[in-house]
Every structure is written in structure tokens, then in C-alpha cells.
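Have a look at the structure below, then the notes.
The values are calculated or read from the model by the stated rules, or taken from the named source; none is laboratory data. This structure is a prediction, so every number in the text was calculated from the model and none was measured. Here the Cβ positions follow ideal geometry from the backbone for every residue, glycine too, while neighbour counts run over all protein chains shown.
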Amino acid sequence: MYIGFEAKRLFSNFTGLGNYARFVVGALSEFVPQDHYTLYTPRERSHPEIDPIVVRPNVDVISPSGGYRWFKGVWRSWGVSRHPSIKTLSVYHGLSQELPVGLPKHVRKVVTVHDLIYIRYPQFYKPIDVAIYKAKARAACSAADRVIAISRQTAEDLVEYLKVDASKIEVVYQGCHPIFKRQASTEEKQRVKSRYALPEAFILCVGTIEPRKNAAQLVRALAELPEASRLPIVLVGRATAYKEEILQIARTLGVVQHLQFLHDTSFQDFPAIYQSATVFVYPSLFEGFGIPLVEAIESGIPVITSTGSCFSEAAGPSALYADPNKAEELARYLNQVLTDSRLRQNMVDASRAYIQRFEPEMIARDLHAVYKSL
């Protein structure tokens, strides 16, 4: 089969959506090598994350030419459908909730929807952004022959909020970046600890410092612990105005000295940071999938996260789950994990077995099955 991909973020984004796009194309081109993959992107670039994928013999890259070079947005929405290569495709897959207009009828259309958080929690977004995201997702789901949801939670939200026919939806999970499979040496972990002035033992929380991620609840939980059980909290992620709210709560509760924020962290240092932590806590209110949970488990540290949403799909039955609105419940689980080394190891071992379902070969197999079904 010849498969086309909307690949803007594969070339331009080096976090969530970009990582997903590279994971999908990388897994398919490696584990389903008999198929051919064409990447449609408004801009090409060379990068260590990109180059190993695009040099494969079964991968081509197409970008705007002629007048479209000055109207890349128009090319991405309309021009792609008119490119001669489209005639050869069996399937076109929009990897980030969008499809171009005017794809030929013979091309089967697939779109991945990552989440509908902007509909569930519109207060966290600008109204105009909510309207745009919703319109794009609705149009793409309507045009698609299959909609890929990255979790059962997202599949349920598609039916509830966008009224997508459940028979069109397939749940295909995502995996984490292969960098997290690398075991950092003792020397590397020590260098990274020195670079960021990390404590010897700490609680790790990764994600944008914003209200939905709910890091303030972790601060409240820390304050509930006996002083002898407390560890520093290292919060890794882009800062927003919510950071000041977290600091104010920490000052009021007398634990501000236990907080450390890292905002400009090299992605290459993430494995060593994860592997140096004692426990990973992810108190988020809602996610489409929660890839940091898989990153933490792959890194060999126990996970405490929230009840509800998709968290149990990502972290499995051996993580611990606390009500995101009950600091005392999170504190109880946190105390158990911090004081019981055997529990920590059992959680890690069982969770690592669970996340085998997110291996690239498994994801490639599942996606290929969707394409073949069309």
C-alpha cells in the first residue's frame, strides 16, 4: 500500500504531536517495510530526530513548489490534494486532527484525534482557539473513513462531544520516545544532577505548569506528609501564571523550600532525570493519553497518578491512583511509596510488563490493520 501522512509537526514540533508523528511513521516504515510512506509537509528540515526516518527507502517527502511556496498554509489545506502523488495513494492519514480538503474519493481517509480537552475544559483556552479546534476536528472526523483515538477515553469523548459514529472509531495507543529505553550510566546521572542542581532523591512531576496539570495538589499532598517523609518536588515543564499560584500555596503550607522548577531542560537529559527520581507523580485532571506516565514506567520509577480520564490505560493496574481533588488521598499513597522500597520495585516490575503493549512494533501492526480494513 501507498500511505500519505500530513507531516507538518513531524518536521516542526519536538514535543507531543511531533513525537507522535515521528513515532508512527518511524514504526510503520521499520516494521511494515513493504508499504510506501509519503510525508506532506509545508517545510522540510534536517534534524537528528527526523533524518533516520526520511532516509529510509520506503519514505518520500513532498513540500510546496511553485506559487505554493509563498502560501504554505493554503498548500497544506488545499494544495496537497492536488499534488500528482496523491493519485498513487491508498490511504491518507492526518496525524494531528486535520485532513486537507478535496482528497480524491479513491483515497481512504484516516485521522488521529488526540484529545478533546478544549471542549471538556474550555476555561483553559481562548474562546477563538476552542472554536477553531472544534471546527477542524469536526470536519476531519466527518470526512474520515476511520478515526484513530489514542485512548478509549478519547473515543468516548468523540462520541459524546462530536457525535462521531462509534463504528468509525478505532483505538490505537501511542508509545513513548525510544530515548527512554536508554539506561543512563551513574556518571551521566551525576552530571545531569549537577547541571540542574537536583537533589539526591526527589519526587518528579513533568508537564506544562498549568492548572489542568494540577501540580498544586502535589504540593498540598507533600504538606500532609510527616516532615521525616518529605522529599523535594522537581517540577519540569514550561511555566505559566499558574506557577505563582503553586508557589503561594507552598509558602502558605510551609513547604516552598521543597520546590524546584526546571523550565529549559534538554530533552536529551530527560532519561537521566527520570531515572534519578524516587517516584513520579502525575496529578493531572485530564489527558488524552498521558505519555509521561509511560516515560516514567519505561525509566523504571513507580507512578502515582489520578483516577478517571485515561490514566489507567496508560499506566496500567500496578500504578497507584488518587482522586485529583483529594490531597490527603494522594499524600497517603505518596507516603506508602516513599517508605516502602519493596512496593516501589513491585510497581516498577509489573508496570514495565504492562507497557509492552505500547512498543513500536505493536502500534505499527495495529495501524496497518486499520489501513488494510479500508
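Just one of the listed residues (Ser229, Ser276, Ser309) is under 18 Å from the mean Cα position of the chain (by Cα) and either more than 26 Å from Ser151 (Cβ to Cβ) or of a type in the set (Ser, Thr, Tyr) (or both), namely Ser309.
Filtering the stretch 47-73 to residues that are free of Cβ contacts under 8 Å to residues at least 40 places away in the same chain and assigned to a loop (DSSP other than H, G, I, E, B) leaves His47, Pro48, Glu49, Val55, Arg56, Pro57, Asn58, Ser63, Pro64, Ser65, Phe71.
If you go through the stretch 76-93 and keep only what is small (Gly, Ala, Ser) and without any contact (Cβ under 8 Å) to a residue 24 or more places away in the chain, you end up with Gly79, Ser81. Residue count for the stretch 124-164 satisfying the condition of being touching a residue at least 60 places away in the same chain (Cβ under 8 Å) and out of contact with any Ser or Thr (no Cβ under 8 Å at 6 or more places or on another chain): 5. For Arg56, the criteria (1) buried (at least 19 other Cβ atoms within 10 Å of the Cβ); (2) of a type outside the set (S, T, N, Q); (3) at pLDDT 95 or above hold in every case but one, which is (1).
Would you call Val219 free of Cβ contacts under 8 Å to residues at least 40 places away in the same chain, surrounded by 15 or more Cβ atoms within 10 Å (Cβ to Cβ), out of contact with any Asp or Glu (no Cβ under 7 Å at 6 or more places or on another chain) and assigned to a helix (DSSP H, G or I)? Explain how you work it out, then say what you get.
Details: free of Cβ contacts under 8 Å to residues at least 40 places away in the same chain: no; surrounded by 15 or more Cβ atoms within 10 Å (Cβ to Cβ): yes; out of contact with any Asp or Glu (no Cβ under 7 Å at 6 or more places or on another chain): yes; assigned to a helix (DSSP H, G or I): yes.
Answer is no for this residue.
Any residue at all in the stretch 344-360 that's touching a Ser or Thr at 6+ places or on another chain (Cβ under 8 Å), outside any helix (DSSP H, G or I) and of a type outside the set (Val, Ile, Thr)? Within the stretch 344-360, not a single residue is touching a Ser or Thr at 6+ places or on another chain (Cβ under 8 Å), outside any helix (DSSP H, G or I) and of a type outside the set (Val, Ile, Thr). What number goes with the only condition from (1) surrounded by fewer than 15 Cβ atoms within 10 Å (Cβ to Cβ); (2) within 30 Å of Pro52 (Cβ to Cβ) that Ile148 does not pass? All conditions are met except number (1).
Mind checking whether some residue in the stretch 125-141 is in the same structural domain as Thr15 (by TED's automatic domain parsing) and either outside any helix (DSSP H, G or I) or closer than 30 Å to Gly300 by Cα (or both)? Spell out the reasoning first.
Taking the stretch 125-141 and keeping what is in the same structural domain as Thr15 (by TED's automatic domain parsing), we get 125-141.
Retained after the next criterion (residues that are either outside any helix (DSSP H, G or I) or closer than 30 Å to Gly300 by Cα (or both)): 125-126.
There is at least one residue in the stretch 125-141 that is in the same structural domain as Thr15 (by TED's automatic domain parsing) and either outside any helix (DSSP H, G or I) or closer than 30 Å to Gly300 by Cα (or both).
Can you tell me which residue among Ala216, Ala221 is of a type in the set (Gly, Ala, Ser), at pLDDT 95 or above and under 25 Å from the mean Cα position of the chain (by Cα)? When all the criteria are applied, what remains is Ala216.
In the stretch 102-112, the residue that is nearest to Glu287 (Cα to Cα) out of those that are free of Cβ contacts under 8 Å to residues at least 60 places away in the same chain and not in a loop (DSSP other than H, G, I, E, B) is Val111.
Okay, residues lined up against (1) of a type in the set (A, V, I, L, M); (2) in a loop (DSSP other than H, G, I, E, B); (3) modelled with pLDDT of 95 or more; (4) buried (at least 18 other Cβ atoms within 10 Å of the Cβ):
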| position | (1), (2), (3), (4) |
| --- | --- |
| Ala250 | yes, no, yes, yes |
| Gln260 | no, no, yes, no |
| Gln268 | no, no, no, no |
| Ile273 | yes, no, yes, yes |
| Val294 | yes, no, yes, yes |
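Kindly establish whether Leu204 is out of contact with any Asp or Glu (no Cβ under 6 Å at 6 or more places or on another chain), surrounded by 15 or more Cβ atoms within 10 Å (Cβ to Cβ) and assigned to a loop (DSSP other than H, G, I, E, B). Don't jump to the end; show me each part of the working.
On the way: out of contact with any Asp or Glu (no Cβ under 6 Å at 6 or more places or on another chain): yes; surrounded by 15 or more Cβ atoms within 10 Å (Cβ to Cβ): yes; assigned to a loop (DSSP other than H, G, I, E, B): no.
So Leu204 fails the test.
Return the residues of the stretch 275-292 that are assigned to a helix (DSSP H, G or I) and of a type in the set (Val, Ile, Thr); say none if nothing qualifies. Give the derivation first.
From the stretch 275-292, those assigned to a helix (DSSP H, G or I) are 275-276, 291-292; that's our starting set.
Selection gives Ile291 alone.
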